[in-house]
Amino acid sequence: MDKIRIVGGNALEGIIPISGAKNAALPLMIASLLSEERLILENVPRLADVALLQRILGNHGVNITTNGKRAGDDPFAGQTLELDARVIVDTTAPYDLVSRMRASFWVLGPLLARIGRARVSLPGGCAIGTRPVDFHLDALRALGADIEIDAGYVVASAPRGLRGGRVVFPKVSVGATHTALMAATLAEGETVLENAAREPEVTDLAECLIKMGAKIEGLDTSTLRITGVSRLRGARHSVQPDRIEAGTYAMATAMVGGDVMLKGARADLLENALDVLRQTGVQIDSSDEGIRVRGTGNGIQPVDVTTAPYPGFPTDLQAQFMALMTRAGGSSRITETIFENRFMHVQELARLGARIHLDGDTATVEGVERLTGAPVMATDLRASVSLVIAGLAAEGETLVQRVYHLDRGFEKLEEKLSRCGAVIERISN
Ligand code: EPZ
């Protein structure tokens, strides 16, 4: 298995191009199931999760063409996917695929809305928590679906089509909002989604659905009103820049110091995290070009954070922020409120010399003078990248194993960082 080798200590100087957002691209690709016409998605990141979802959609009959690269093209530019779901050949999403990527469960809503039936494997738990799907199922039931669980599969049907309904989510859920939103676009009548997720990825999906002919009001708010239409058409849509990738490189720069332009990043999608970063002592300026981060890597101020649904501090940046706090000049408290088990990076950061005390959902981080390189591994994407950030700041060599987690969500990670002066390389076995 591949490893990433890092020799820490260098500041980051230069430009990091920010890719299209993984967590926007995935539901956008799934939205292609809603229409018989072609959906063209631009700025899609080249990631393992995207490739896997291509396979999963292909299984349902979606024809996907990828525009190849031409000589002279920007090597960091996103790809364009053309998704043609004219004929759905199979409404089953099997266990061996859904268990490899939870987001593929979201095919349930569009398949049910368009075809009237779907059989989708329950995704099961994962490294960061139990992650149930009850909100998804309750929302679809509120739209008139008949749902049973049979041998590990959700078997859903709506032979006469879905009808509008009122859904009040008990807790903010990005995925359940995607499911209900996509399903409601083709349901008869009006649907109201209350306590809906306001994450920018939901808005990106809603904007694309509107281009496809959906009638949606309340974008960026926690109440979405959808008036169902009988069919959706094709559209062209560009995936928004990845706010989590941008936040990750901003934290790396804050930790090791330097001057980096996160090209294409949008500060308006990341305000809370950027405010927190400013409090740690880095300078952040945003412009049409992107977000510029400048710091010395010294005198990092400790700041307490609590993760929360958007516009709060994102859980997907919690591990990276913890890495930064390991070198702060004092103690900070990091509270995780979204997932119950999202602290796997704690033990691994400790291997680099970090001092972190865990108590329930809160980690207390005592900043240390220096970290020292070591072999480490993590069991999820964001935890893995937190180890990369810590490795960039650590003295000596850090070997990050289980690189496949990083490949799920960070496009050209080593290239982007080494272009800015980091000593980082992939060792293929
Ligand atoms: C999305 O996961 C993201 N995944 C996650 O990013 C992200 O951490 C999460 O939203 C929160 O922002 C993608 O977009 C592909 P949720 P999702 O439903 O939709 C509970 C990454 O690293 N819940 O918003 O699955 C759930 O257990 C990934 O890129 C229920 O109880 O998350 C959690 O506590 C990891 N029942 C909370 O809600 C349900 O039916 C929020 O989860 C659904 C969720």
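Observations on the model:
- Proximal charge balance of Val376 [Cβ under 9 Å; K/R count +1, D/E count -1]: 0
- For region 373-427, a/c is not less than 1.5, where a ≥ b ≥ c are the root eigenvalues of the C-alpha gyration tensor, and a/b does not top b/c. That puts it in the oblate class.
- Residue among Phe76, Ile424, Met29 farthest towards the positive dipole end of the chain, charges placed on Cβ: Met29
- Signed unit charges on C-beta, dipole axis of the chain, positive-most listed residue Tyr404, Thr337, Leu53: Leu53
- Between Ala394, Ala328, Ala151, the residue with the greatest mean-square fluctuation in the GNM of the chain (Cα pairs under 10 Å linked by springs) is Ala151.
- Taking θ as phi - 60° and the Karplus parameters 6.51, -1.76 and 1.60, the scalar couplings of region 65-76 work out to 10, 10, 6, x, 8, 10, 4, x, 5, 4, x, 9 Hz in sequence order, x denoting glycine and proline.
- Long pairs among Lys263/Lys416; Lys69/Lys211; Lys22/Lys215; Lys22/Lys416; Lys22/Lys412, criterion Cα-Cα beyond 20 Å: Lys69/Lys211; Lys22/Lys215
- Each residue, Ser99 and Lys171, gets one label point 7 Å from its Cα in the Cβ direction; the gap between the two is 2.4 nm.
- Within the straight-line cut-off of under 13 Å between alpha carbons, the aspartates and glutamates reachable from Lys3 are Glu397, Asp407, Glu414, Glu425, sequence neighbours fewer than 8 places apart in one chain being disregarded.
- Given +1 at the Cβ of Lys and Arg, -1 at the Cβ of Asp and Glu and no other charges, the dipole of region 191-280 around its Cα centre is 500 debye to the nearest 20.
- Positive end of the dipole of the chain (Cβ unit charges, origin at the Cα centre): among Ala393, His237, Gly297, the Cα lying farthest that way belongs to His237.
- Per-residue HN-Hα couplings for region 332-347 [Karplus 6.51, -1.76, 1.60; θ = phi - 60°; Hz; x = Gly/Pro]: 10, 10, 10, 10, 9, 10, 8, 10, 7, 9, 9, 10, 5, 6, 4, 5
- For Lys171, the aspartates and glutamates whose Cα comes closer than 12 Å to its Cα, not counting residues fewer than 8 places off in the same chain, are Asp134, Glu194.
- Magnitude of the charge dipole, region 1-138, Cβ model with Lys/Arg +1 and Asp/Glu -1, debye to 20: 320
- Each Lys or Arg adds one and each Asp or Glu takes one away; over the other residues whose Cβ falls under 9 Å from the Cβ of Ile4, this sums to 0.
- Karplus-based coupling profile of region 298-303, in residue order and whole Hz: 10, x, 5, 7, x, 9, with θ = phi - 60° in 6.51 cos²θ - 1.76 cosθ + 1.60 and x standing for Gly or Pro.
- Computed per residue of the chain from DSSP H runs no shorter than four, each worth -39500 (n - 2.57), the mean residue ellipticity at 222 nm is -9000 deg cm²/dmol.
- Long-range amide H partners of Tyr310 with built H, under 5 Å: Arg198, Glu199
- Between Asp73 and Glu415, the distance separating the two model label sites (each 7 Å from Cα on the Cα→Cβ line) works out to 1.1 nm.
- Electrostatic tally near Ile291: other residues with Cβ closer than 13 Å to its Cβ, Lys and Arg +1, Asp and Glu -1, net -3.
- Total charge dipole magnitude, the chain, about the Cα centre, Cβ charges on Lys, Arg, Asp, Glu only, Debye to nearest 20: 660
- Placing R0 at 60 angstrom, the Cβ-Cβ distance between Lys211 and His357 gives a FRET efficiency of 0.75 after rounding to 0.05.
- Accessible area of region 371-417 belonging to carbon and sulfur atoms, whole % at 1.4 Å probe: 53
The values are calculated or read from the model by the stated rules, or taken from the named source; none is laboratory data. The model shown is predicted, which means the values in this text are computed figures rather than measured ones. Glycine also receives a Cβ, built like all others from the backbone with ideal geometry; neighbour counts cover every protein chain displayed. Areas reflect the complete protein model, heavy atoms only, side chains present, ligands, DNA and RNA absent. Shrake-Rupley method; radii C 1.70, N 1.55, O 1.52, S 1.80 Å.
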